[in-house]
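A short worksheet on the structure shown next.
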Amino acid sequence: MATKESKKKNSGRKIPGPTNPMVTPILTDHYQFTMAYAYWKSGKHQERAVFDLYFRKNPFGGEYTVFAGLEECVRFISNYKLTEEQIDFIKHNLPVSCEEGFFNYLRGIDCSDVEVYAIPEGSVVFAKVPLLRVEGPIAVVQLLETPFVNLINFASLVSTNAARHRFVAGKSKTLLEFGLRRAQGPDGGVGASKYSYIGGFDATSNVAAGMLFGIPLRGTHSHAFVSSYMSLDEIKDKALRKKDGSSTCQDFVSLVQGWMRKIELSDSLRGNSAETNKSEMAALTSYALAFPDNFLALVDTYDVMRSGVPNFCAVALALSDLGYKAIGIRLDSGDLAYLSCEIRKLFCSIEKEFGLLGFGKTSITASNDLNEETLDALNKQGHQIDAYGIGTYLVTCYAQAALGVVFKLVEINNKPRIKLSEVVSKVTIPCKKRIYRLYGKEGYALVDILTGENEPPPKVGERILCRHPFRESKRAYVVPQKIEELLRCYCAGKSDKTEEILPPLKDIRERCIQQLEQMRPDHMRRLNPTPYKVSVSGKLYDYIHFLWLNEAPVGELR
């Protein structure tokens, strides 16, 4: 939940620079500098411009998006300054006809006159609604376009992907982000860990992300650890102190072997009594000696039911004798639904047979190229999985390459501007706007409405005409029971506005979870979700179409 605190500008608070040192003023497209020069050359560079940043279509075939990346944008703009080395590079990559005065102008840019208004990070947002409104000298704001789009595009896409995985998995399951090794480079890996956490994941395997952002870390061993052992003789230090510290078991290996003999003779294995792989037993025993309080074993190196799970149970029962409680197992291959159900039955049988209270609830984690569709299929098949480790399909956003964020001029020198297109979805909504979310009597969000900045705000209990921006016949009256204004000031520039304080990551994550819970279920479903309505006020609708008719060329037939 975003903090309600705000600060006066120039309070002396120093905002840190971007997390990624690659995010500098030259992380932009070449044409931003060519436009900046053309603005400067024509004397337009100081004209006051307003740009909206938004996207045109929700990703993954859904009807919602989770907004993320705002903090990095604020960090970037708050520390914006071109170095001499960067200016020299720009100079050598522009035509030699460019005047020296322009480069002196670049030396003085610091974004101190730029205002940024945004929807709070972690919010659920929709197509055509401005996520950011950026106001300032046109040449400067133009230079911010590409980095802002870059910082928000991937962040929002990953957060949305994570939220969709959370929705399918359900609230009770633990979601672990395991994507670093498959991500698009270190930048994609670290960013994906952060934004998966915002979208509802519980932890990450990414140590760098854990250190940078305070995300909980989770992980166990790999198949290599299991296959690196050949026999129990490789375990040199066999002693393990009891959890309460009262005494020490001098030969934990023998304790494990004793439990294995009991398990093999028990009714619990139900015919799976083949001799287990002893090198696997050695590996799991060694790992338990190293991490008796955090024993989670990978059990599919050789055979899940005939070796991995019995070996785990023997080690877990031996740990229990010394006062420790094993965490559980991880499956990384095979029929996950079937195996999880069989393993749960075995755990419950061992609990009953050996009187080990709670063993039947031992955690089962599944991995192996899981995605949203896989989770949905597992739910339909029936399973006993408690946690999912998800990597490739999450962090690469395999189902959709990009969100398609755009940055469009909507006003200059207090005069609204509109971009027209034969494709109606590409027509912009002009002028500086305010955005309100209207809620119904059941507490769900009903519609987002855009109004002109100077229009009276909507009021609770009063009937409001909401119109589709471009389709005349699509309109409805809404009587809201609650109204939330969405845009807030994050960079005040030289205005007297107050600036929102950037909330900690856990609060952004909490906001995302709460916002998703405020959405109607039919907007959230995976297949054929109900479109969420984004509308404009009657006055703004009229203004859009007035400008459209005024700006569009009139054809002539002969």
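The values are calculated or read from the model by the stated rules, or taken from the named source; none is laboratory data. Computed from a predicted model, the values in this text were never measured in an experiment. Cβ atoms come from the backbone with ideal geometry, glycine included; neighbour counts cover every protein chain shown. Accessible surface is based on the protein model in full, side chains and every heavy atom, while ligands, DNA and RNA are left aside. Shrake-Rupley method; radii C 1.70, N 1.55, O 1.52, S 1.80 Å.
Observations on the structure shown:
- Distance from segment 97-134 to segment 356-433 (C-alpha centre basis), Å: 25
- Size descriptor, Kirkwood hydrodynamic radius, that averages inverse alpha-carbon separations across segment 264-339, Å: 12.7
- Candidate aspartates and glutamates - alpha carbon under 13 Å from Lys380, same-chain residues fewer than 8 apart omitted: Glu372
- Tensor-based shape of segment 422-523 (alpha-carbon gyration tensor, a/c under 1.5 rounded, otherwise prolate or oblate): oblate
- Spatially proximal aspartates and glutamates relative to Lys81 (Cα-Cα < 16 Å; intrachain offsets below 8 disregarded): Glu72, Asp110, Asp113, Glu145
- Solvent-accessible area, 1.4 Å probe, carbon plus sulfur percent, for segment 475-549: 53
- When all protein chains stay in place and ligands, DNA and RNA are ignored, the 1.4 Å accessible-area order of Arg133, Arg488, largest first, is Arg488, Arg133.
- Counting only protein heavy atoms and using a 1.4 Å probe, the accessible area of Lys262 comes to about 100 Å².
- Solvent exposure, largest accessible area first (probe 1.4 Å, DNA, RNA and ligands not counted), of Lys352, Lys345: Lys352, Lys345
- Lys41 versus Asp293: modelled label distance in nm, points set 7 Å from Cα along the beta carbon direction: 6.7
- In this structure Val304 has an accessible area near 20 Å², from a 1.4 Å probe over the protein heavy atoms.
- The share of alpha-carbon pairs in segment 220-385 lying farther apart than 25 Å comes to 27%.
- What a 1.4 Å probe finds exposed on segment 220-385 is 49% carbon and sulfur by accessible area, rounded to a whole percent.
- Area of Glu85 that stays accessible when all protein chains are in place (1.4 Å probe, Å², to 10): 150
- Accessible surface ranking that places the most exposed of Phe154, Phe295 first, with a 1.4 angstrom probe: Phe154, Phe295
- A quarter of the convex hull surface defined by the alpha-carbon atoms of the chain gives 34.1 nm² as the mean projection.
- Cα-based helix-to-principal-axis angle, 252-265 vs the chain, degrees rounded to 10: 80
- Over the residues of the chain, the helix contribution to mean residue ellipticity at 222 nm works out to -11000 deg cm²/dmol, using -39500 (n - 2.57) for each DSSP H run of at least 4.
- Projected label distance in nm at Asn93 and Trp548, using a 7 Å step from Cα toward the beta-carbon: 3.9
- On a per residue basis, the chain carries 45 Å² of accessible surface, using protein heavy atoms and a 1.4 Å probe.
- Spin-label pair Thr174/Lys539, simplified geometry with 7 Å Cα→Cβ offset, distance in nm: 5.4
- Listed by chain and number, the lysines placed with their C-alpha closer than 19 angstrom to that of Lys497 are Lys4, Lys7, Lys8, Lys9, Lys14, Lys432, Lys433; residues fewer than eight positions away on the same chain are left out.
- Of the cross-linked pairs Lys494/Lys533; Lys238/Lys345; Lys57/Lys194, those separated by over 27 Å at the C-alpha level are Lys494/Lys533; Lys238/Lys345.
- Carbon plus sulfur fraction of accessible area for segment 21-164, probe 1.4 Å, in percent: 56
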